[in-house]
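Asker: Okay, handing you the structure first.
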Amino acid sequence: MNKILVFFALILTSICFAQNDEGFVDALVAQKMAELEMQENPEYFFRKDYCDGNIQMFVMPDGSTCTSKSTYYAVYVFWKEDKDNLKFQKFDNCGSFKPLTISINKTMAKVLKDKQALKTEEVKPYQPEKVDNNAYGNMSVKSCHKEYKFVFEGKIFEKSFKEFDLTDDSKNKNVNADYNNSLNVIKLDNEISEIVKNFEKSGRFFREN
């Protein structure tokens, strides 16, 4: 009897909880990127955000529950709507969100115009000013990542970095912090982070499913 109850409990859990991994998110994003390619959009890109081991749970529009499997991934796909606006759409382990429109501010316009800098500049790894075997032991390091894929006029390039590489520590100065934070991709990243934060705060992300 107990075995039967456990069996039905497992079935009920699988029905109530959708668990999707990185592959699921990547497939959704690949489909969106393919759509933009078919539309011959001249300029589009995405940013993928994740922190290793971070798990998120959501109540879906139909009342079911969705939780990320192992790690939560959020991807934001941006594409040119016209010279003054970008559209963007969020995807995560639990599906897609409705597209939104944003105005291209001066910083974004400048960064996106200098495509060569975006392509060639690289974020340098965290490097302490003084060698200290206990440096990392003295710091609380959360392993969070950003990954970019740009498609400009059919030309593709990718960028990735750890958020840790942009930080500084009072005990062990990161000699690459100032350089990293001056890069175009980081300037773009800061703008996107501010946009995402404001949209999250105002509750403007609505799921499509």
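The values are calculated or read from the model by the stated rules, or taken from the named source; none is laboratory data. Because the structure is predicted, anything quoted here is derived from the model rather than measured. Here Cβ is always computed from backbone atoms with ideal geometry, including for glycine, and neighbour counts include all displayed protein chains.
Asker: Is it the case, given these coordinates, that residue 124 is modelled with pLDDT of 95 or more and in a loop (DSSP other than H, G, I, E, B)?
Answerer: Considered against the rule, which asks whether it is modelled with pLDDT of 95 or more and in a loop (DSSP other than H, G, I, E, B), residue 124 comes out as yes.
Asker: Taking only the range 161-209 into account, find how many residues are surrounded by 17 or more Cβ atoms within 10 Å (Cβ to Cβ), of a type in the set (A, V, I, L, M) and part of a loop (DSSP other than H, G, I, E, B).
Answerer: Within the range 161-209, residues that are surrounded by 17 or more Cβ atoms within 10 Å (Cβ to Cβ), of a type in the set (A, V, I, L, M) and part of a loop (DSSP other than H, G, I, E, B) number 1.
Asker: Moving to a separate point now. Could you list, in sequence order, all residues of the range 94-121 that are assigned to a helix (DSSP H, G or I), hydrophobic (A, V, I, L, M, F, W, C) and closer than 17 Å to residue 46 by Cβ?
Answerer: Once the filter is applied, which keeps residues that are assigned to a helix (DSSP H, G or I), hydrophobic (A, V, I, L, M, F, W, C) and closer than 17 Å to residue 46 by Cβ, the range 94-121 yields 108, 111, 112, 118.
Asker: What's the total number of residues in the range 153-178 that are out of contact with any helix residue (DSSP H, G or I) (no Cβ under 7 Å at 6 or more places or on another chain) and closer than 30 Å to residue 79 by Cβ?
Answerer: Summing the residues that are out of contact with any helix residue (DSSP H, G or I) (no Cβ under 7 Å at 6 or more places or on another chain) and closer than 30 Å to residue 79 by Cβ in the range 153-178 gives 10.
Asker: So, of the residues in the range 58-85 that are over 19 Å from residue 208 (Cβ atoms) and under 17 Å from the mean Cα position of the chain (by Cα), which turns out to be modelled with the highest pLDDT?
Answerer: The residue in question is 71.
Asker: Going by the structure shown, is residue 107 surrounded by fewer than 12 Cβ atoms within 10 Å (Cβ to Cβ), in contact with a Leu (Cβ under 9 Å, 6 or more places away or on another chain) and over 17 Å from residue 20 (Cβ atoms)?
Answerer: Judged against the criteria, residue 107 is not a match.
Asker: Take residue 70 and tell me if it is surrounded by 13 or more Cβ atoms within 10 Å (Cβ to Cβ), at positive phi and of a type outside the set (Val, Ile, Thr).
Answerer: Judged against the criteria, residue 70 is a match.
Asker: OK, next. In the range 164-209, which residues are in contact (Cβ under 8 Å) with a residue 12 or more places away in the chain and either over 30 Å from residue 130 (Cβ atoms) or touching a Gly at 6+ places or on another chain (Cβ under 6 Å) (or both)?
Answerer: 188, 191, 192, 195, 196, 199, 204, 205, 206, 207, 208, 209
Asker: Quick test for you: out of 117, 30, pick the one residue that is among the hydrophobic types (A, V, I, L, M, F, W, C) and touching a residue at least 40 places away in the same chain (Cβ under 8 Å).
Answerer: Selected residue: 117, the only one of 117, 30 that is among the hydrophobic types (A, V, I, L, M, F, W, C) and touching a residue at least 40 places away in the same chain (Cβ under 8 Å).
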